[in-house]
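Any read-out appearing in this document is the output of simple, stated calculations on the displayed coordinates, not a laboratory observation. Keep in mind the model is a prediction, meaning the values are calculated, not measured. Reconstructed Cβ throughout: ideal geometry from the backbone, glycine too, with neighbour counts over all protein chains shown.
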Ligand SMILES: [Zn+2]
């Protein structure tokens, strides 16, 4: 082949790559179509049994990031659960055979056994490249999965940005050698890129966990017709006994697949978690813990006695990885935030008032400590911040769970009337954070 022919061939192929869309790549076979239909039938049965008519609260949501289902609207027939490129084999191994209802096992063939080689496709804008690199660096740093620029590997992740929408396959799909992951227009947010890479590592959506009905209600009547199958449960998903996390970056927002974009299709059983859903800031402590379990990262370190739910950092076995309200080598100390602007608050039986404001880039953690044996009660009167689903820019967060590992009640919209709730224990961290405008909060607290 002479040089000119080679150049023609190369430019022809580059042109091919930059215009190929998901529709060219995905031609669902009969088996996949049947599988989706079976999921649809399954949830339609559930639909008949359990229609939710919960009352909704409406919030003056501003500046919303479109839910993935809206960003991917043109591909809704090709994507499962809004942004998962179907690989029949992969989904089947995660979803299980719906007839036999066999129980969960990890699908080892979906894991990247020798790190993740990747390439950033031609034509990705500077912003997208930056966001993708940050998300790759995050997963590389926080887990034992090694990402590396592709050398000669046959199988690798290929980031594209020219195609519409944000989507990925779940896990390593042996059938695709160049495995595409799309960060299209509207998806150039760190949290979305981290979400899609989470899928590529093998993580399903949080609300498809087998136990999700204990935590959320699906409002079947508000979901667009014929897409209800996207709310099927993934029965074989292994939760590794990690708590359900409404603030997972892998959780849908409240309006996914809605008929009317202002109504909720998912509501939290504990309504104080409603605005926690839809986080697009970045992976939570439990998202990271899940990938570390999936890849058995903790097996690389001896037990060093981490406290407060921490576990050894597989990149540095002498130090524990801590939930974001603890610090110290063994997570033995309360964390007051990156600039130590938080502190400890002594809680007594008398009501006391907490009235604070944080400005952009401030992140403060306050630890409310009541006498042993009692619990901390809060009466939240006022919140002022940028109001959006997930409260991922400005927020106040109350970690009310006993373990303080899962994302707490997040508020960023006006509260009316005031809300009263009680933490599970005598110690409750409250996080005040602002990355966009400012957040102010007014509440009372006491020991009960
Ligand atoms: Zn997703």
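Cβ crowding within 10 Å ranks 265, 32 as 32, 265, fewest other Cβ atoms first.
Maximal additional length on extending the residue 379-residue 416 stretch stands at 12.1 nm, based on 0.36 nm per residue less the C-alpha distance. Shape class for the stretch 316-362, computed from the alpha carbon gyration tensor (a ≥ b ≥ c): oblate, with a/c not under 1.5 and a/b at or below b/c. D by Stokes-Einstein for the stretch 147-197, Kirkwood Rh over Cα pairs, 10 °C, 1.306 mPa s: 138 µm²/s. Extension gain for the segment residue 316 to residue 372, taken as residue separation times 0.36 nm less the Cα-Cα distance, is 16.7 nm to one decimal. Residue ranges 277-283, 71-77 sort as 277-283, 71-77 when ordered by packing (mean number of other C-beta atoms within 10 Å per residue, highest first). Using the rule -39500 (n - 2.57) for each DSSP H run of four or more residues, divided by the residues of the chain, the 222 nm mean residue ellipticity is -6500 deg cm²/dmol. Over all Cα atoms in the chain, the spread is summed up by Rg and Dmax: 22.7, 87 Å.
Listed from fewest to most Cβ neighbours within 10 Å, the set 270, 303 follows the order 303, 270. Gain on full extension, evaluated as 0.36 nm per residue between residue 134 and residue 73 minus their Cα-Cα distance, stands at 19.3 nm. Going from the fewest other Cβ atoms within 10 Å to the most, the residues 285, 190, 35 appear in the order 190, 35, 285. Extending 7 Å from the Cα toward the beta-carbon at both residue 221 and residue 58 defines two label points whose distance is 1.7 nm. Does a label point 7 Å from the Cα of residue 436, set along Cα-to-beta-carbon, have any residues of the stretch 249-273 with amide nitrogen under 19 Å, and which are they? Counting backbone N atoms under 19 Å from the label point, the list is 249-256, 261-264, 273.
If you take the square roots of the eigenvalues of the alpha-carbon gyration tensor of the stretch 326-444 and sort them as a ≥ b ≥ c, do you get rounded (a/c under 1.5), prolate (a/b over b/c) or oblate? Here the stretch 326-444 falls in the oblate category. Taking 7 Å steps out from each Cα toward its Cβ at residue 241 and residue 344 produces label points 3.1 nm apart.
Comparing Cα centroids, the stretch 231-257 and the stretch 355-431 end up 22 angstrom apart. Let me know the shape class of the stretch 275-350, please: from the alpha-carbon gyration tensor, a ≥ b ≥ c as square roots of the eigenvalues, rounded when a/c is under 1.5, otherwise prolate if a/b is greater than b/c, or oblate. Verdict is oblate for the stretch 275-350.
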